[in-house]
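J.: The structure follows.
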Amino acid sequence: MIPEPFEYHAPHSLAEATRLASELGEQAKLLAGGHSLLPMMKLRLAAPRHVIDLGHLQELRYIREAEEKIEIGALATHFQIESSALLNEKCPLLADTAREIGDPQVRNRGTLGGSLAHADPAGDWPAAMLALDAELQAVSAQGERWIAARDFFVGLMSTALAPGEILATIRVPTLPARSGDAYFKFRHPASGFAVVGAAVRVKLSEAGHIEQVAIGVTGVGAKAYRAADVERELVGKSPTARRLVEAAAHAADGVEPNADLFASAEYRHHLAAVYVRQALERALEKARA
Amino acid sequence: MNIRVRINGAAREDEVEPRLLLVHYLRDVAGLTGTHIGCETSICGACTVLMNGEAVKSCTLLAVQADGAEITTIEGLTAEDGRLHPLQQGFWEEHGLQCGFCTPGMILAAHQLLSRNPRPSRSEIRRALEGNLCRCTGYQHIVKAIEWAAEKMGGSTS
């Protein structure tokens, strides 16, 4: 499997990359770790005339703390995220999500930014981004803008990024006190992608009620979404086992589930409820600890 | 495009087409056929090599992405006098292969594991091999081969 010919560009700075992206517009695809784009090019589902390789932009590989938030450069690899002491301590949901992706070789190359920009409906990251209300910084030759995770995932493999824009930074809030998070995933046994994945961040009040809860779900529909109906059922309430089951039953309300040979729409609908409940239980356990 | 790489310690410079995959570069240009092409879809791990010390699937990398990198293939593990690396020896001693097609990738994935975690448990070994498929043996002997090597290397990381 060999991609169609293309012209290759390897900028050494973000400024140079945005200039190239702006000049080449829709004729160009951005290459980060290459674990989404190259498979598509090999299958010739994608045949860009130009490929802009961001691999040399060391400036986008950082993970750092910035006032109650954590900023991650778009080119941080899944392995960097899973093994980051900072993230394991202050935003464990990201490290836990990274560990669930693909396999060790894939996690060495695949990047957070590349995966988000690709927006595969079975990708793991969108669930965590939604549960954390992440902010995503798009940089172009014209300037920069921040996009809320809720507005970023537009549809099947499509995002709010415009041609010429490069996803540069992902910003998430650190885990507050009395809070817990978890990512539970039904992993496709062959591909490793999420048949269904549920990411939860929950905050308890001093009395032990659910003060805030955010649930991101991936794999079920054409794009990841917030399970708003489940959140509504839980906010302000005491998290009894029965209430969790009843609330989680709404995990795929209003969503048209994907169906394929491996999992029917009905099965995905069912799995969404199961995995949302499990992720809620684990996140609550951690919040109480 | 012109690329410079070091493969198993030897510097090379080659003119390559941008669409050339790293695995084809290693096999067809550098002549190192120990790296195998299996599924070509980044699932099976037969094409695993080390790039700057990290295990990567060379079917899902362009050769141009390796410009400036240090690559280790299975050929690079054997000492100059032909002595096998403990991982290679372990696969021999514990019968960690039947047809051998997956073996180079298994060994390089295991190499990364032992460099990050010199004393892995059985479950850690299995988890480290999630990106490598064997269709002959089941994985029991492969896991034993890696345990053999970890023991032999006595917790050292090279």
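The values are calculated or read from the model by the stated rules, or taken from the named source; none is laboratory data. Note that the structure is predicted; figures quoted are calculated from it, not measured. Ideal geometry is used to build each Cβ from the backbone, glycine not excepted, and the neighbour counts take in all protein chains shown. Accessible surface areas use protein heavy atoms only, side chains included; no ligands, DNA or RNA. Shrake-Rupley method; radii C 1.70, N 1.55, O 1.52, S 1.80 Å.
J.: I'd like to verify a number: residues in segment A:126-144 that are in contact (Cβ under 8 Å) with a residue 60 or more places away in the chain and surrounded by 24 or more Cβ atoms within 10 Å (Cβ to Cβ), how many?
T.: The total comes to 7.
J.: Across segment A:84-105, what is the number of residues that are within 23 Å of B:Ala110 (Cβ to Cβ) and either open to solvent by 20 Å² or more (accessible area, probe 1.4 Å) or among the aliphatic types (A, V, I, L, M) (or both)?
T.: 4
J.: Pick from A:Val230, A:Val202: which is surrounded by 20 or more Cβ atoms within 10 Å (Cβ to Cβ), at pLDDT 95 or above and not in a helix (DSSP H, G or I)?
T.: None of the other options fit; the residue is A:Val202.
J.: Only residues that are within 13 Å of another protein chain (Cβ to nearest Cβ), among the charged types (D, E, K, R) and within 21 Å of the chain's Cα centre (by Cα): list them for segment B:5-36, please.
T.: If the condition is that a residue be within 13 Å of another protein chain (Cβ to nearest Cβ), among the charged types (D, E, K, R) and within 21 Å of the chain's Cα centre (by Cα), then B:Asp28 is the only one that fits.
J.: Among the residues of segment B:43-54, write down those that are surrounded by 14 or more Cβ atoms within 10 Å (Cβ to Cβ) and within 14 Å of the chain's Cα centre (by Cα). Explain how you work it out, then say what you get.
T.: From segment B:43-54, those surrounded by 14 or more Cβ atoms within 10 Å (Cβ to Cβ) are B:43-51, B:54; that's our starting set.
B:Cys44, B:Gly45, B:Ala46, B:Cys47, B:Thr48, B:Val49, B:Leu50, B:Met51, B:Glu54, listed by residue number.
J.: Count, please, the residues in segment B:54-93 that happen to be more than 14 Å from every other protein chain (Cβ to nearest Cβ), assigned to a helix (DSSP H, G or I) and farther than 26 Å from B:Arg119 by Cβ.
T.: Adding up the residues that qualify gives 1.
J.: Mind telling me which of the residues A:Ile81, A:Ile72, A:Ile63 ends up being among the β-branched types (Val, Ile, Thr), surrounded by fewer than 22 Cβ atoms within 10 Å (Cβ to Cβ) and under 23 Å from A:Glu135 (Cα atoms)? Outline the logic, then answer.
T.: Numbers: A:Ile81 fails: surrounded by fewer than 22 Cβ atoms within 10 Å (Cβ to Cβ); A:Ile72 fails: surrounded by fewer than 22 Cβ atoms within 10 Å (Cβ to Cβ).
So the residue among A:Ile81, A:Ile72, A:Ile63 that is among the β-branched types (Val, Ile, Thr), surrounded by fewer than 22 Cβ atoms within 10 Å (Cβ to Cβ) and under 23 Å from A:Glu135 (Cα atoms) is A:Ile63.
Yes/no matrix, rows are residues, columns are (1) open to solvent by less than 10 Å² (accessible area, probe 1.4 Å); (2) acidic (Asp, Glu):
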{"residue": "A:Arg187", "(1), (2)": "no, no"}
{"residue": "A:Ala190", "(1), (2)": "no, no"}
{"residue": "A:Glu211", "(1), (2)": "no, yes"}
{"residue": "A:Gly216", "(1), (2)": "yes, no"}
{"residue": "A:Gly219", "(1), (2)": "yes, no"}
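J.: Determine if segment A:106-117 includes at least one residue that is open to solvent by less than 50 Å² (accessible area, probe 1.4 Å), over 27 Å from A:Leu280 (Cα atoms), over 20 Å from the mean Cα position of the chain (by Cα) and not basic (Lys, Arg).
T.: no
This table checks each residue for (1) away from chain B (no Cβ under 11 Å); (2) assigned to a strand (DSSP E or B).
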position	(1), (2)
A:Pro11	yes, no
A:Leu24	yes, no
A:Lys29	yes, yes
A:Leu45	yes, no
A:Arg64	yes, yes
A:Phe79	no, no
A:Gly102	no, no
A:Asn108	no, no
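J.: Answer yes or no: is there a residue in segment B:93-109 that is open to solvent by 20 Å² or more (accessible area, probe 1.4 Å) and either among the hydroxyl-bearing types (Ser, Thr, Tyr) or within 30 Å of B:Glu13 (Cβ to Cβ) (or both).
T.: No, because not a single residue in segment B:93-109 is open to solvent by 20 Å² or more (accessible area, probe 1.4 Å) and either among the hydroxyl-bearing types (Ser, Thr, Tyr) or within 30 Å of B:Glu13 (Cβ to Cβ) (or both).
J.: Does segment A:268-278 contain any residue that is open to solvent by 20 Å² or more (accessible area, probe 1.4 Å), farther than 18 Å from A:Arg201 by Cβ and in contact with a Pro (Cβ under 7 Å, 6 or more places away or on another chain)? If you could, list the steps in order and put the result at the bottom.
T.: We begin by selecting, within segment A:268-278, every residue open to solvent by 20 Å² or more (accessible area, probe 1.4 Å); these are A:269-270, A:273-275, A:277-278.
Checking which are farther than 18 Å from A:Arg201 by Cβ leaves us with A:269-270, A:273-274.
Next, only the ones that are in contact with a Pro (Cβ under 7 Å, 6 or more places away or on another chain) stay: A:269.
Looking for residues that are open to solvent by 20 Å² or more (accessible area, probe 1.4 Å), farther than 18 Å from A:Arg201 by Cβ and in contact with a Pro (Cβ under 7 Å, 6 or more places away or on another chain), one finds at least one in segment A:268-278, hence yes.
J.: Which condition breaks for A:Leu75 when tested against (1) farther than 14 Å from A:Ile170 by Cα; (2) away from chain B (no Cβ under 12 Å); (3) in a loop (DSSP other than H, G, I, E, B)?
T.: So the condition that A:Leu75 fails would be (1).
J.: Give the residue, chosen from B:Gln88, B:Gln65, that is modelled with pLDDT of 95 or more, surrounded by fewer than 24 Cβ atoms within 10 Å (Cβ to Cβ) and under 26 Å from A:Arg109 (Cβ atoms). Working first, answer last.
T.: Working: B:Gln65 fails: surrounded by fewer than 24 Cβ atoms within 10 Å (Cβ to Cβ).
Criteria check complete, one pass: B:Gln88.
J.: Next question. Could you give me the residue pairs with C-beta distances under 8 Å whose first residue belongs to segment A:145-156 and is touching a residue at least 24 places away in the same chain (Cβ under 8 Å), whose second residue is basic (Lys, Arg) and open to solvent by 80 Å² or more (accessible area, probe 1.4 Å) wherever it lies, and which are 6+ apart or on separate chains?
T.: Once the first residue is touching a residue at least 24 places away in the same chain (Cβ under 8 Å) and sits in segment A:145-156, its partners that are basic (Lys, Arg) and open to solvent by 80 Å² or more (accessible area, probe 1.4 Å) give A:Phe153/A:Lys223; A:Val154/A:Lys223; A:Gly155/A:Lys223; A:Leu156/A:Lys223.
J.: Which is within 14 Å of chain B (Cβ to nearest Cβ), on the phi < 0 side of the Ramachandran plot and not in a strand (DSSP E or B), of A:Gly34, A:Gly55?
T.: Going through A:Gly34, A:Gly55 in turn, the sole match is A:Gly55.
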